[in-house]
Each structure stands twice: as C-alpha cells, then as structure tokens.
Amino acid sequence: LFKLDEGALVYLRLSHSAALEEAGDYPAAEQVLMQCRRSSNGRIHATVFNRLIHLLKRQGDHARAAGLLRERITSDRKMVPAKPTDPVPLLNWLSEFESAAGQHDSAIGHAREALGLVLARGLPGEGDPDRSDAGDCLRALAMAESAAGRHEEAIGHAREARRNATGQGHRAVLMKAITCEARIHGAAGQLAQSYQGYRE
C-alpha cells in the first residue's frame, strides 16, 4: 500500500465530487468536498472553496454560500501569510450572495466596505486597464442597492461605474458597466432606458 500526499488526495476528491455533481447527486458531492475543505495549515483549500460555492449556488442555497464566504474572509484576516489574500473580490462575491438570500443591508454594507478598501488604494488613472477593481465594487454596490429596491442610488452608482470604465478605456469593463446599468433600469421599471442600454 502507498500513502497519497495531501495534494493528490484533494485532487482525487475533487474529481469524485465533480462526477457526483454531474450525476445530479449534490448532497453526496458536497459531502466529498467537505471532507477535504481544509488544507494542512488550517485555511480553506482555495479550489475546494470555489467548488463548494459553485455547488451551493447551483442548488440555490445562497444563504449557506454567504456563510461560507464570511468564514473564508474571517479566516483570511486571522492569517498572517507572506502575501495576504485581497479581500475585495470576496467581499463583492459575498454581497452578491447576501442579496440573493434577501440579506440586503448586509449586502450593501459589504459592497461599501469593498469600495472603501479600493478607494483607499487610490482610483485608477485613465487608460489603466489593470485596475478594474473600483468598477467591480461600484457594480456590486449598485446591484445590491437595486436588489434592496433602492433604485435611485443604484442607478447613480451604475453610472459612476460606467464613467470609471470609460476613463479606463477598457471595452470589456465598459460592457459590464453598461449591462449593469441596463439591468438596474429594468428592475426599476424604466424599460426604455433598459432597452437602450442593452442595444448599446
């Protein structure tokens, strides 16, 4: 008999979980992922974590996905690694799941927290395609406000995300901003503006 190292064991369990998920056995797939969710240093294994979030999203279990994200953020903040994990993408992701779970105040709060962290770094300059973080945060905040029925604030932040994307000159980021604005107009019942955005 031979003993698998931790990395090989995680890889095999991920493959097993993927097969179970493909077969539609979500509870069993989740159970396998939970068996290998932590690596030897106590942090949630990144690939396992992403697979768990994907699986919970596929099942529509947004509240549990949000709980897992909160656990990950708390865990990361307690660690002192050589290269800390950037909390901004995780906060934006958390905001999305909290909105879907109806936790609107918390979703808006986490999106604002992410935006505050980005603004503390300084806004990207024009023609800086590698700094889409401000636009990501503005879109996350706009979507959270829209889900909470705060349409006027949401439209304002969506327009700000669009201005930010225009200044960067990055077409893919601009497309995301325009689509976000169109979605929010649609949620607000402003169908003409929504249609115009999608056409654009």
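The values are calculated or read from the model by the stated rules, or taken from the named source; none is laboratory data. Worth saying up front: this structure is predicted, and the values here are computed from it rather than measured. Positions of Cβ are generated from backbone atoms using ideal geometry, with glycine treated the same way; all protein chains shown enter the neighbour counts. In case anyone asks, the SASA skips ligands and DNA or RNA and just uses the protein heavy atoms, side chains included. Shrake-Rupley method; radii C 1.70, N 1.55, O 1.52, S 1.80 Å.
Output yes when any residue across segment 172-193 is acidic (Asp, Glu) and open to solvent by 30 Å² or more (accessible area, probe 1.4 Å), and no when none is. No, segment 172-193 has no match at all. Would you mind finding the one in SER146, SER194, SER106 that is more than 15 Å from the chain's Cα centre (by Cα), assigned to a helix (DSSP H, G or I), among the polar types (S, T, N, Q) and within 26 Å of ARG70 (Cα to Cα)? The conditions single out SER146. Taking residues in segment 15-32 that are without any contact (Cβ under 8 Å) to a residue 24 or more places away in the chain, and partners anywhere that are in a helix (DSSP H, G or I) and of a type in the set (Ser, Thr, Tyr), the pairs with Cβ atoms closer than 6 Å and at least 6 places apart or on different chains are VAL32/SER17. Filtering segment 157-191 to residues that are closer than 15 Å to ASP133 by Cβ and in a loop (DSSP other than H, G, I, E, B) leaves only HIS170.
Cβ-Cβ contacts under 7 Å between residues 6 or more apart (or on different chains), taken from a first residue in segment 39-57 that is within 16 Å of LEU90 (Cβ to Cβ) to a second residue that is exposed (fewer than 13 other Cβ atoms within 10 Å of the Cβ) and modelled with pLDDT under 90, are listed as ARG43/MET79. It is to be established whether one or more residues within segment 105-128 are of a type in the set (Val, Ile, Thr) and surrounded by fewer than 17 Cβ atoms within 10 Å (Cβ to Cβ). No: segment 105-128 contains no residue that is of a type in the set (Val, Ile, Thr) and surrounded by fewer than 17 Cβ atoms within 10 Å (Cβ to Cβ).
May I ask you to say which residue of SER132, SER95, SER106, SER75 is touching a Gly at 6+ places or on another chain (Cβ under 9 Å), of a type in the set (Ser, Thr, Tyr) and either at pLDDT below 85 or farther than 19 Å from ALA158 by Cβ (or both)?
Working: SER132 fails: touching a Gly at 6+ places or on another chain (Cβ under 9 Å); SER95 fails: either at pLDDT below 85 or farther than 19 Å from ALA158 by Cβ (or both); SER106 fails: touching a Gly at 6+ places or on another chain (Cβ under 9 Å).
Of SER132, SER95, SER106, SER75, the one residue that is touching a Gly at 6+ places or on another chain (Cβ under 9 Å), of a type in the set (Ser, Thr, Tyr) and either at pLDDT below 85 or farther than 19 Å from ALA158 by Cβ (or both) is SER75.
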